[in-house]
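Okay, structure first, notes after.
The numbers here are math on the coordinates, done by the rules we state, and not lab data. Keep in mind the model is a prediction, meaning the values are calculated, not measured. Positions of Cβ are generated from backbone atoms using ideal geometry, with glycine treated the same way; all protein chains shown enter the neighbour counts.
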Amino acid sequence: MENKEESITYGNHELKLIDRREISLTGIKKITSFDSEEFLLESNMGFILIKGSNLEIMRLDTHDGNVKIKGKINSFNYLDNKEKPKEESLLSKLFK
C-alpha cells in the first residue's frame, strides 16, 4: 500500500520575486520553519532559505504546493544538501 504523502506530486518548481517585496513559489512540499525574518521551505528541488524582515505568508495552498510571502526580501538560497539544515540554538542567534 502506497503512502498518501509520497504519492503527491508537486510538479514544476517556480520562483517569482517582485520588487523585493513579494515572492511566489510553486512546487513547495512543506514549510519547515518560519518567523518574521526567515522562512525555511522544502521544495521539490531541495530546501530554500528566504531571509528578510517583516516576512509573512500571504497565501498557502498545501494541495498544489503554492506559497506567497510578503515583506522585505533580502535573500533566498537553495541549500545543496538534501538533508534538513540544523536548527540554530537560541543562544547562537543571540550572540551573532
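Taking the conditions exactly as written (in a strand (DSSP E or B) and within 16 Å of Asn12 (Cβ to Cβ)), does Ile69 satisfy them or not? Criteria not met by Ile69. Just one residue in the set Ser43, Ser33 is of a type in the set (Gly, Ala, Ser), surrounded by fewer than 16 Cβ atoms within 10 Å (Cβ to Cβ) and part of a strand (DSSP E or B); that residue is Ser33.
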